[in-house]
Each structure stands twice: as C-alpha cells, then as structure tokens.
Amino acid sequence: MSKRPNFSLKQAFEYSDKNRDGYIGGDDVRSMLADHGFFATEKELTSIMRKFDKDEDGSISFAEFIDEMTSKLNAY
C-alpha cells in the first residue's frame, strides 16, 4: 500500500476497519486479508492481533496501528 500515490496510514486504517467502529478487530483483519486473497488460520490471526494490539483489549486502535506500521515503513 505504501507504494501507492497519496498513501496515508489513516486511509490504510480506515480501509482495515471494515465495520467502521474506530478499531480493527480480528474479523476486520480476517476480512481485509481475504479481500487480498490471503486466508489466515486462527493461529496466524492471533499472531497478527498480538503484534498490533499492545494493550491486549482485543482490538487495534489507531494509535496501536500507527505505532506498528510506522516502524515497518521506516525500515524500508
């Protein structure tokens, strides 16, 4: 996504927040991955959620998303 013109992390978060509740939950992650042809196992989904969900409340906030994605974007 970061290679696209006018890419923003806000847009990426909003795209991933499928139910538009302001958080990314497991179902949102599963749906977003499936939209791109990736079908995560429960183990993979749990791993993704653990990586992003720093406060372990079961959902990824915008701040958690930014923290994790910023470190990834800066690596490239």
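The values are calculated or read from the model by the stated rules, or taken from the named source; none is laboratory data. These numbers come from a predicted model, not from an experiment. Cβ sites come from the backbone with ideal geometry, for glycine too, and all protein chains shown count toward neighbours. Keep in mind that these areas ignore ligands, DNA and RNA; they rest on the heavy atoms of the full protein, side chains included. Shrake-Rupley method; radii C 1.70, N 1.55, O 1.52, S 1.80 Å.
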Checklist outcome for this item: Share of accessible surface on carbon and sulfur in the chain, whole %, 1.4 Å probe and ligands ignored, is 54 percent
Checklist outcome for this item: Of the candidates Ile60, His36, Gly26, the farthest towards the positive dipole end of the chain (Lys/Arg Cβ +1, Asp/Glu Cβ -1, centred on the Cα centre) is His36
Item to check | Calculated Cα extents along the principal axes in Å (choose from (1) 32, 28, 25; (2) 31, 27, 18; (3) 39, 38, 31), label | outcome: (1)
Checklist outcome for this item: Label model pair Ile66, Glu14: point-to-point distance (7 angstrom along the Cα→beta-carbon line) in nm is 1.5 nm
Next on the checklist: Can you compute the helix-only [θ] at 222 nm over the chain? Use -39500 (n - 2.57) per DSSP H run of at least 4 residues, normalise by all residues, nearest 500 deg cm²/dmol.
Outcome noted: -16500 deg cm²/dmol
Checklist outcome for this item: Note, the stretch 35-45: 3J(HN,Hα) by Karplus (6.51, -1.76, 1.60, θ = phi - 60°), whole Hz, Gly/Pro = x, goes 4, 10, x, 10, 10, 6, 6, 4, 5, 5, 5
